[in-house]
Amino acid sequence: FLVLFTFSMSFNLYAQEITTTGTVVDQNGEPLIGVTVSVMKGSNGTITDIDGNFSIKCNKGATLKFSYIGYKDATQVAMGTKMNIVLTEDAQALDEVVVIGYGTVKKRDLTGAISTVNAKTIEERQPTDIFQALQGEVSGLQISNNSGAPGDTGTMLIRGASTMGSGVTPLYIVDGVAVDNISTINPADIESMEILKDAASAAIYGSRSAAGVIIISTKRGKEGAPARISVKYNHSMKKLGHKIDQANAFERYLKERAGNAGTSLWKTSNDSLHPNFMADNDYQDLITRMAHSNQVDINISGAKNKMSYYTSIGYLNEQGIVLNSYLNRITSRTNVDFAVSDRFKLMSRFNVAYTDKNNINTGGVINQALRRPPQMALYFPDGSYVYNNGGQFNPIADAYERVNKSVSYSVSLYQGAEFQLMKGLIWSANVQGELKVNRNDQLIRGDLVSSGISSGSNDAKIPRKLSAETYINFARDFKDHSVGAMFGTSVEDWRDETFHLEGSDYVSESILTSNAQQVKDLTKTKTTYESHAMASFFGRVNYSYKGKYIFTSNLRYDGSSRFVGNRWGLFPSASIAWRASDEFFFDWAKPVLTDAKFRLSWGTNGNERVGNYESINQYNIGSYYNGVIGVTQTDKLANLDLSWESTEQTNIGLDVTLLDGRVSLVAEYYIKKTKDLLADEVIPSELGVSSMRVNMGNIENKGIELTINATPIQLRDFSWQTTLTYTKNKNKVLKLSEGKSFVEDGKYLIEEGSPLGQWFGQKALGIYATDEANAYIKNSDGSFGDRLVPVYQRDPNNYNNYIYGSNGKPIFSHYETKGGQKYTGDVGKMTTAGSVSKGGDIIWDDLDHDGVIGDSDRRILGNGMPTWYMGWTNYLNYKNFSLSFSFYGSFGNKIYNKQRRDLLQNSSSNMTPLARDCYRLWKYQGQITEVYSSAKATTGVNNARELSSFFLEDGDYIRLTNARLAYRVDRNFTKRFHISDLQLYVYGNNLLTWTKYKGFDPSSISNSNVLRPGIDNGRYPTAREIGFGLNVNF
């Protein structure tokens, strides 16, 4: 009895319930909000408050567990004293949850190639759009800027070009719903972005995933977290990032002198007494400005009584660096999750966005400013505009007086539900609707055009999308075995309406509506209506044994109304992973090797992004014949057998984590083959049509990707984290229709066995210094041999200079070979476009040695697409200070500087080349220089032809894309003002660029058309940005 009594008393003492309190902080001593505190082998739990404090009831001697996403778990025994817990960041992060299609998975269990970008990374970039947030952060993802104008987005390519037509950009999934446009998403609302790069990961999205998938998850209230108000404000200043060498008045005079070379002086259009020709304008300074931008983001989040919520409103007022360009954007997002019961949950999403954008006509402002002679006046003495001066219009007047305004409204609603049918079995369903109204009003004043007649248009586009989906997820663990399955179905319906009104001769140019047009253009005034729909069935199974051997398989079956004869497509995938580090024979490496996993995946994805009705014949209603309306068939022939593009991809991956997460490596090798390419095939005009959309060929992309993460320094007060990404992609055309190669747009050779984007043209070797310099050995069979060296009479008493005759040319003596031997044989003269080349003309490489420069002398001159690119990102923390900076580099491409070519084609006497070209223009016989004579730029021998190596430039660049320095104010101070967190920062974007390219920006080259990449025709330039801001949490 005494033994039993003693045992009972000791048990009661041990089981004594106590209240344990404490504080949880990070390595820098900053409180952590929302840390989960639970009793191991018990049911009690709580979370830390805004100051990192917690209070929990437990038995004395119980072990408490502290868990927080991104940090390593910690445990401590409760003995009744106040606890001080320090959590360290988990660089390994293998338990991090990754969003995949229709579910989530722990990072350690991934079998596909998926990269994640989190909210912290986004915040460090201070982006205004998603494209800025992602550049350089993810291997395999290439981003090019289409324009530097406010609100203009870039182009994303994942693992190269997988198509020749539409569908080159990824599929975007926002909170589980596919969207067509992400430009109105506020980056401040994003919690994470997952980039699905291989077929195994993306196949669950089937027919729209060939170009990869980007899954965007927006922020939500954290369960159990207190209400939180966050306010962010930043102000930035932008200016032109790089000025090109535009000619001034003196350099313009050199150009005029070059066109009239001789022994006499030549007049110039500069005239100090003429008010129209007495200026020396720096147009780049005049059409650009120091632009200011303001951005405010406010959000409220929290969770209470089974409901979590997040609501935000964001305002962006962004001036463009070009005069009168701007963007105003207002966004609002509300996410609410409500647990009706322990088994039933409702999820609601509501988003609205408004944008107001003033567009600048690039040709009328930027390109006009670059070609306009600098001495031409912009204003009359009374201050009014000089609109037209010798066919050159006023770029400042164009910027302020041409109207091109776009306004957009969008609203989307989402309602989802989850119900736990039984343990491990969850049914999900959702419906979603999106409606947009896009308006564009344009008016060109009569003063801005040669005709003097005003013209304009009014556009309205109303796209609407409805979708619904339902699916069941099953996941259970059975000792060492984990199994899962998912099956679902979805339907989507799109409708697009457009209204277009166009006319001219406005009664009043202050009225934008079409009722002010005195002349209506009935051939262009129209309305359109289009619709298409998709139905899908999809599923996934997965299995894991001890987390060591993992298998996943996806399957999707899509049907699209865009196809008739081949309406349905099947897209399967399978992937496996082996965690080698868990094998006994790797035990020797465990002191260094934390985790090692090999992955292998295979799958097929599709592309159905073609016109809605290209499988059937289409007709135009509205053609007029003698004033009578008619119906005509379009010039595109129907193709009943049109089908999906199919992309098959194999991926081999390796994930290695070393030194308990201090170093990690992700390596990928992929082979990506696309067959049945969707493209337009030209049809003989005798059939009454011009083209037909067909499945015509195959292409292949091969590449490697590397991502290295490291924490070289991890101390209490100082840490340094760094990430390096590297991508190399090789593209090749495997098959074309009937094996026939073709030249795209007169510039690109598309042929089997070669990559897309090959520049195809003549190679320039230099400039003929004299007429006699065009001389070649003429062989007996009529072919041309080596070029001969002309010898001229020289004056030994005058520095051995040429002796010129009365005709202004050096006096010719004889020819010599390259070896210095006098040549007396037949001399051949190279001809181009039917004319003999003279002094000042380009020396072209005669590939076939026939003495005639033509199509047979065209060759591959490089490629418009980069072959490899890299990114390097760094985060440094010292006490309350943090510094981040990123570099991005792109290599291996050639850019066609069409802007320079247009300025050098001399199509008008008032066209002005760049300054360097004004100095180097060929002016007289005997001049050794690098730029051809302006007299025959596009006439005769056509020196300024498209395309040649003369205007191709190295497109390689390295850029300091962004830097940010922040200071977090001590919490002991901010708590006095009920502020839980206050951070001040300064930042910069597009700070430095190292490149040989002479245009505005080597990154502002659109690659959205993979058949025609790498052309710089004078886009809106990018800006260098410096800003400051603050983040406040209450």
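For segment 770-806, the set of residues classified as among the aromatic types (Phe, Trp, Tyr) and not in a loop (DSSP other than H, G, I, E, B) consists of Tyr776, Phe784, Tyr792, Tyr802, Tyr804, listed by residue number.
Can you find a residue that is out of contact with any Gly (no Cβ under 8 Å at 6 or more places or on another chain), in contact (Cβ under 8 Å) with a residue 24 or more places away in the chain and closer than 21 Å to Pro170 by Cα anywhere in segment 614-629? For segment 614-629, residues out of contact with any Gly (no Cβ under 8 Å at 6 or more places or on another chain), in contact (Cβ under 8 Å) with a residue 24 or more places away in the chain and closer than 21 Å to Pro170 by Cα: absent.
Between Glu681, Glu686, the distinction of being surrounded by fewer than 16 Cβ atoms within 10 Å (Cβ to Cβ) and either touching a helix residue (DSSP H, G or I) at 6+ places or on another chain (Cβ under 9 Å) or modelled with pLDDT of 95 or more (or both) belongs to Glu681 only.
Of the strands (runs of 3 or more DSSP E) that lie entirely inside segment 876-975, those containing 3 or more residues that are buried (at least 17 other Cβ atoms within 10 Å of the Cβ) span 881-891, 894-897, 957-968. The numbered conditions (1) more than 29 Å from Pro755 (Cβ to Cβ); (2) in a loop (DSSP other than H, G, I, E, B) are all true for Arg609 except (1).
Criterion first (modelled with pLDDT of 90 or more and under 25 Å from Arg693 (Cα atoms)) does Pro170 satisfy it? Criteria met by Pro170. Total residues in segment 744-759 satisfying the condition of being surrounded by fewer than 18 Cβ atoms within 10 Å (Cβ to Cβ) and either in contact with a Phe, Trp or Tyr (Cβ under 6 Å, 6 or more places away or on another chain) or on the phi > 0 side of the Ramachandran plot (or both): the figure is 3.
Listed by position, the strands (runs of 3 or more DSSP E) inside segment 37-130 whose residues that are charged (D, E, K, R) number at least 1 are 53-59, 63-67, 103-106.
If you check Val689, Val682 for being closer than 29 Å to Glu648 by Cβ and among the aliphatic types (A, V, I, L, M), only one passes: Val682. Please enumerate the residues belonging to segment 23-42 that are farther than 25 Å from Gln714 by Cβ and hydroxyl-bearing (Ser, Thr, Tyr). The one that is farther than 25 Å from Gln714 by Cβ and hydroxyl-bearing (Ser, Thr, Tyr): Ser38. Select, from Gly840, Gly819, the only residue that is farther than 30 Å from Asn729 by Cα, over 47 Å from the mean Cα position of the chain (by Cα) and part of a loop (DSSP other than H, G, I, E, B). Within the list Gly840, Gly819, the selection yields Gly819. Applying the criterion of being touching a Ser or Thr at 6+ places or on another chain (Cβ under 8 Å) and within 20 Å of Val743 (Cα to Cα) to the residues of segment 994-1012, the residue that is surrounded by the most Cβ atoms within 10 Å (Cβ to Cβ) is Asn1007. Evaluated against (1) modelled with pLDDT under 95; (2) over 28 Å from Asn146 (Cβ atoms), Val986 falls short on exactly one condition, (1).
Table: residues versus (1) crowded, with 17+ Cβ neighbours inside 10 Å; (2) part of a helix (DSSP H, G or I).
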| position | (1), (2) |
| --- | --- |
| Tyr543 | no, no |
| Arg562 | yes, no |
| Leu570 | no, no |
| Trp578 | no, no |
| Ser581 | yes, yes |
| Thr594 | yes, no |
| Phe598 | no, no |
| Val631 | no, no |
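For segment 583-592, which positions are in contact with a strand residue (DSSP E or B) (Cβ under 7 Å, 6 or more places away or on another chain) and assigned to a helix (DSSP H, G or I)?
The first filter runs over segment 583-592 and keeps only residues in contact with a strand residue (DSSP E or B) (Cβ under 7 Å, 6 or more places away or on another chain), leaving 586, 592.
Hit for segment 583-592 is Phe586, nothing else.
Of all the criteria given as (1) at pLDDT below 90; (2) in a loop (DSSP other than H, G, I, E, B), the one not satisfied by Gly206 is (2). For beta carbons closer than 6 Å, sequence separation of 6+ or different chains, a first residue in segment 54-82 that is without any contact (Cβ under 8 Å) to a residue 40 or more places away in the chain and a second that is assigned to a strand (DSSP E or B) and charged (D, E, K, R), the qualifying pairs are Thr75/Lys65.
Within segment 640-678, being part of a loop (DSSP other than H, G, I, E, B), in contact with an Asp or Glu (Cβ under 9 Å, 6 or more places away or on another chain) and in contact (Cβ under 8 Å) with a residue 40 or more places away in the chain holds for Leu642, Ser643, Trp644, Leu677. Within segment 131-168, the residues that satisfy the criterion of being assigned to a loop (DSSP other than H, G, I, E, B) and among the polar types (S, T, N, Q) are Gln135, Ser139, Asn146, Ser147, Thr153, Ser162, Thr163, Ser166. Any residue in segment 557-572 that is closer than 30 Å to Ala667 by Cβ and in contact (Cβ under 8 Å) with a residue 12 or more places away in the chain? Yes - at least one qualifying residue is present in segment 557-572. Within segment 846-877, if we keep just the residues that are under 37 Å from the mean Cα position of the chain (by Cα) and of a type in the set (Asp, Glu), the residue that is nearest to Asp786 (Cα to Cα) turns out to be Asp857.
Conditions tested, residue by residue: (1) in contact with a Lys or Arg (Cβ under 6 Å, 6 or more places away or on another chain); (2) outside any strand (DSSP E or B); (3) surrounded by fewer than 16 Cβ atoms within 10 Å (Cβ to Cβ); (4) of a type outside the set (Phe, Trp, Tyr).
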residue: Glu469; (1), (2), (3), (4): no, no, no, yes
residue: Thr498; (1), (2), (3), (4): yes, no, yes, yes
residue: Ser508; (1), (2), (3), (4): no, yes, yes, yes
residue: Asn515; (1), (2), (3), (4): no, yes, yes, yes
residue: Lys524; (1), (2), (3), (4): no, yes, yes, yes
residue: Ser531; (1), (2), (3), (4): yes, no, yes, yes
residue: Ile550; (1), (2), (3), (4): no, no, no, yes
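Filtering segment 89-105 to residues that are surrounded by 14 or more Cβ atoms within 10 Å (Cβ to Cβ) and modelled with pLDDT of 80 or more leaves Val98, Val99, Ile100, Gly101, Tyr102, Gly103, Val105.
The values are calculated or read from the model by the stated rules, or taken from the named source; none is laboratory data. The structure presented is a predicted model; accordingly, all values stated were derived computationally and were not measured. So basically every Cβ, Gly included, is an ideal-geometry build from the backbone, and we count neighbours across all protein chains shown.
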